[in-house]
2 protein chains.
Amino acid sequence: MNIPQSSFPRVVIIGGGFGGIALAKKLSKKEMQVILLDKHNYHNFQPLLYQVSTGGLEPDSIAYPIRKVLQGYPNFFFRLAKVIGIDTKKRWVKTNIGEIKFDYLIVATGSETNFFGNENIETKGMAMKSIPQSLNLRSLILENFEQALLTDDLHERDALMSFVIVGGGPTGVELAGALAEIKKGILPKDYPDLDTRRAQINLVQSGDRILPAMSEVASRKAEQFLEKLGVNVWKDLRVLDYDGNMVTTNTDTVFESATLVWAAGVSAVSIKGLDAKELLGRGNRLKVNDFHQVDGFENIFAIGDVAQMETKAFPNGHPMMAQPAIQQGRNLGDNLVRLVEGKPMKPFVYKDKGSMATIGRNKAVVDLPRFRFQGVFAWFVWMFVHLYFLIGFRNRVVVFINWVYNYIRFDREARLIIRPYKKQNQGLKNQLKKGS
Amino acid sequence: MNIPQSSFPRVVIIGGGFGGIALAKKLSKKEMQVILLDKHNYHNFQPLLYQVSTGGLEPDSIAYPIRKVLQGYPNFFFRLAKVIGIDTKKRWVKTNIGEIKFDYLIVATGSETNFFGNENIETKGMAMKSIPQSLNLRSLILENFEQALLTDDLHERDALMSFVIVGGGPTGVELAGALAEIKKGILPKDYPDLDTRRAQINLVQSGDRILPAMSEVASRKAEQFLEKLGVNVWKDLRVLDYDGNMVTTNTDTVFESATLVWAAGVSAVSIKGLDAKELLGRGNRLKVNDFHQVDGFENIFAIGDVAQMETKAFPNGHPMMAQPAIQQGRNLGDNLVRLVEGKPMKPFVYKDKGSMATIGRNKAVVDLPRFRFQGVFAWFVWMFVHLYFLIGFRNRVVVFINWVYNYIRFDREARLIIRPYKKQNQGLKNQLKKGS
């Protein structure tokens, strides 16, 4: 890897997501050699991926070059690498570009879509956890509408214009809302020769309410907002299978749809050598103590989605969202300095800053620790918070301008099929999905 | 294709570039049924592709959905289709989505990179005529720098950091200038552990001056600007072959470079059924008369890069640029109306509005019909003109903001490897290049 020897202790961070970046920033001016490994050369802002899929934002606006985040710090090194495994005893990380020794290792690999072993859904459905996946979905949606123009089979046409979104968490809710707005504001203008009113947007939730991690009032209100927008919300319904057209469920309900988006589960991205059964909790998360140390290791840590720190408030670990990852990254940064200096580490205490989801224009739900509110003001809060946490001044300005434009014009101009998904990549589908 | 019968004459336009869009706009309110076919669902602004390749602009900012250009016109139809051939006698266009009859056919298919039969250069070099190609180049450049970090072989490292740009027209000059600015302003900060001063940017021109279509003073000044930026300008040198690393020429000069960009020639995109030898001029262009009519046809027209209208000032046809295409599209629009109304058509008269190229920050050359100037003012004129011709208000604002940001910060933030080119697509290289 051509990383020079240093007299400072070497910290290797795997993953440049919210947690990894927050940690690297904390350590950048300290007397440590920090090596960040990621399979992408950018950090991406996952909460806005659904806006890329629906043409509201350009993909580059929610990505930020990792090298730029930490420009000018002489002890910081980035390497574009895929991690293959870890040797915890010899303290080596094995990657596709060689091996690297660590003094401290931080696993911040995040999570990936969990299809629960259903290969049909994995190959024929769409996921939305990365920028290439979001762009694939954008292409597919647009290609399906172009295709709908060409068929005389009403069944087929309806299926091409319809969506099944599986999973009623923030991703599913926000995507469903965005699609409903497209159906209303854009499709009739773009496709005057299609009866786009027949487009169906189905949001399928296995539990008895959407946004189950939020308050009941938020769930109820979000459902009202969605229904107002014309989304069919299905609760207590489980999607079982998908053949590329027909979606079957645990009841008699079936859907015909050319687009199934799977947002019904994630699991932590585990690494060979650190994936022994006893180390893993729910959804493959690495069990860590209050100091983020992986069970049984003093110098191996995990933060963010991949870490399961069991606390009273969160017996199954913190929510897999940006906030816990950022806070954990920062806390671990301070702790590593303490550790090197021989001082006792401070246990992590999560400050719940609340959670939120947007459903559409002027419609959002916000749960703060002390307040809950929904509607226009919540929508402004949602926008402000997302702009605030986006990395990079340019990104903020460009996203803001797009939002203002989209708001005023009821439009989303990035409805571009830059890389066709269906026709060109059908054969490569798995490869591209896995490679993303 | 599911396009309704109409009592209006049917005009089929192949290609949504500058010419096709200008023509469609002219006809949108007339009593004609206008069908625009394109293999992409967007118009792209080719003059700025080099800025996508170099991370200065987001790809979506220079693309615009074709459906949106002509929203609200009831007689206008867009179909995403690849044209397979034309039956000029039966007046059919054959496409991958079916056949369509025409009363008037307009070929506006533009041009594609011409490798002059050199398969090595075609498969191992890069072209920059479409957005996916530009994104591939962006990925490759970034991947090569990441790779350069990993090797101890100085030769290899230098090759990974070096560029050979073949062709001294505007595309080659603008790309070389942009790369030189990246070398100076971004690489040292992004790759402090590489000696990026060793990166070589070579611009190879077969003729005796760069920008041969412009005035001699523009050529001379552009060359000075490039050399000031550290670009090696080679004149009277022809690139003969490329094995992915070594570039050989017609002299003893060789280059070692992992990136060869071929901008040394284009040829018109011809269509089966309209590609008889006697119809074609230089570079496969369709010979047309003063009314854009293809030789021997009354109802088949060609405009833009694909058309060769021989005039006194341009004995080999007009320059293959945006301006002639736009003007031809507009003139043909008026003429089609006249033709339908039984009035005589007006011959096309090209108004040369000048040409320009930018070399970098504060550096451009402009040839207007009456004035020629170079430097800072030329650079502002270049920016203003490009913003003016970009389609879409949002695109203009986003491009403008990116330019202001890049200017103030000496930065280009879209240095993102969204779709890896080298590792992932090596095997698919040809397929992706051809599919783009």
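The values are calculated or read from the model by the stated rules, or taken from the named source; none is laboratory data. Here the structure is a predicted model, which is why all the values come from computation and not from measurement. A quick note on method: Cβ atoms are made from the backbone with ideal geometry, for glycine too, and the neighbour counts reach across all protein chains shown. These accessible areas exclude ligands, DNA and RNA; they are computed on the full protein's heavy atoms, side chains included. Shrake-Rupley method; radii C 1.70, N 1.55, O 1.52, S 1.80 Å.
Miscellaneous remarks
- Whole-Hz couplings from phi, Karplus 6.51/-1.76/1.60, listed for the stretch B:151-167; x for Gly and Pro: 9, 9, 7, 4, 4, 4, 4, 4, 5, 5, 9, 10, 9, 10, 10, 9, x
- Options B:333, B:251, B:384, ranked by Cα towards positive dipole end of the stretch B:250-386, top entry (Cβ charges): B:384
- A Cβ-based charge dipole, computed about the Cα centre of the stretch B:92-197 with Lys and Arg at +1 and Asp and Glu at -1, lands at about 400 debye.
- Partner aspartates and glutamates whose Cα lies under 18 Å from the Cα of residue A:343, excluding those fewer than 8 positions away in the same chain, are identified as A:31, A:103, A:290, A:298, A:334.
- Cα gyration tensor shape for the protein assembly as shown, rounded if a/c is under 1.5, else prolate or oblate: oblate
- Antiparallel DSSP beta bridges within chain A, as percent of all bridges there, nearest 5: 50
- Candidates A:193, A:252, A:208, ranked by Gaussian network fluctuation over chain A, Cα under 10 Å, top entry: A:252
- Of all DSSP beta bridges in the stretch A:218-374, antiparallel share, percent nearest 5: 85
- The B-A contact accounts for approximately 5600 Å² of buried accessible area, totalled over both chains at a 1.4 Å probe radius.
- Under the Karplus curve 6.51 cos²θ - 1.76 cosθ + 1.60, θ = phi - 60°, whole-Hz ³J(HN,Hα) for the stretch B:7-24, x wherever Gly or Pro sits: 7, 6, x, 9, 10, 9, 10, 9, x, x, x, 4, x, x, 5, 4, 5, 4
- Interface residues of the stretch B:70-85, defined as those with an accessible-area decrease of at least 30 Å² between the chain by itself and the complete set of protein chains (probe 1.4 Å), are B:71, B:79, B:80.
- Looking at the protein assembly as shown, the DSSP beta bridges with both ends there are about 50 percent antiparallel.
- Choice from B:71, B:133, B:293 showing the highest fluctuation, given a GNM over chain B with Cα pairs closer than 10 Å: B:71
- Distances between copies of residue B:235, taken at a point 7 Å out from Cα along the Cα→Cβ vector and listed shortest first: 7.7 nm.
- Taking all protein chains together, A:295, B:243 sort by accessible area into B:243, A:295, largest first [probe 1.4 Å].
- Computed on chain B, with alpha-carbon pairs under 8 angstrom and 6+ residues apart, the relative contact order is 20 percent.
- The stretch B:146-198 shape via C-alpha gyration tensor axes, a/c threshold 1.5: oblate
- Shape call, the stretch A:245-375: gyration tensor on alpha carbons, a/c limit 1.5: oblate
- Taking the label point 7 Å along Cα→Cβ, residue B:73 and its counterparts in the other copies are spaced 5.4 nm apart, in ascending order.
- 10 Å Cβ neighbours from other chains, averaged over peptide A:127-135: 1
- Position residue B:101: other-copy label points at 8.0 nm, ordered by increasing distance, label point 7 Å along Cα→C-beta.
- Cα→Cβ-extended label distance, 7 Å offset, between residue A:343 and residue B:96, nm: 6.3
- Phi angles of the stretch B:84-93 translate, via the Karplus equation with coefficients 6.51, -1.76, 1.60 and θ = phi - 60°, into HN-Hα couplings of 9, x, 10, 10, 5, 6, 7, 6, 10, 10 Hz per residue; Gly and Pro are given as x.
- Of A:236, A:152, A:305, the one that fluctuates the most in a GNM where chain A has Cα springs shorter than 10 Å: A:152
- For the rotational copies A and B, the chain A residue with its Cβ nearest the relating axis, together with that separation in Å, is A:58, 2.
- Cα centre as origin, Lys/Arg/Asp/Glu Cβ charges: the stretch A:181-335 dipole, Debye: 360
- Under 5 Å between amide hydrogens, built in the peptide plane, is the criterion, and for residue A:307 it picks out A:286 among residues at least 5 positions away or on other chains.
- Between amide H atoms placed 1.01 Å from N, distances below 5 Å from residue A:266 occur with A:114, all of them 5 or more places distant or on a separate chain.
- Across peptide A:405-417, the average count of Cβ atoms from other chains found within 10 Å of a residue's Cβ is 5.
- Since only A:95, B:405, B:127 are under comparison, the one whose Cα sits farthest along the positive direction of the charge dipole of the protein assembly as shown, derived from C-beta charges on Lys, Arg, Asp and Glu, is B:405.
- Among the residues of B:40-50, the average count of other protein chain beta-carbon atoms within 10 Å of the residue beta-carbon is 2.
- The separation of the stretch A:50-85 from the stretch B:265-290, counted between C-alpha centres, amounts to 45 Å.
- Amide H contacts of residue B:3 (H built 1.01 Å from N, under 5 Å, at least 5 apart or other chain): none
- The packing ranking of peptides B:174-181, A:215-222, highest mean first, is B:174-181, A:215-222, where packing means the average number of other beta carbon atoms within 10 angstrom of each residue.
- Within the stretch B:190-206, the residues that become at least 50 Å² less accessible when every protein chain is included than when their own chain is isolated (1.4 Å probe; DNA, RNA and ligands ignored) are B:190, B:193.
- About the Cα centre, charge dipole magnitude for the stretch B:124-168 (Lys/Arg +1, Asp/Glu -1 at Cβ), debye: 380
- Here the accessible area of the protein assembly as shown is 52 percent carbon and sulfur, with a 1.4 angstrom probe and all protein chains present.
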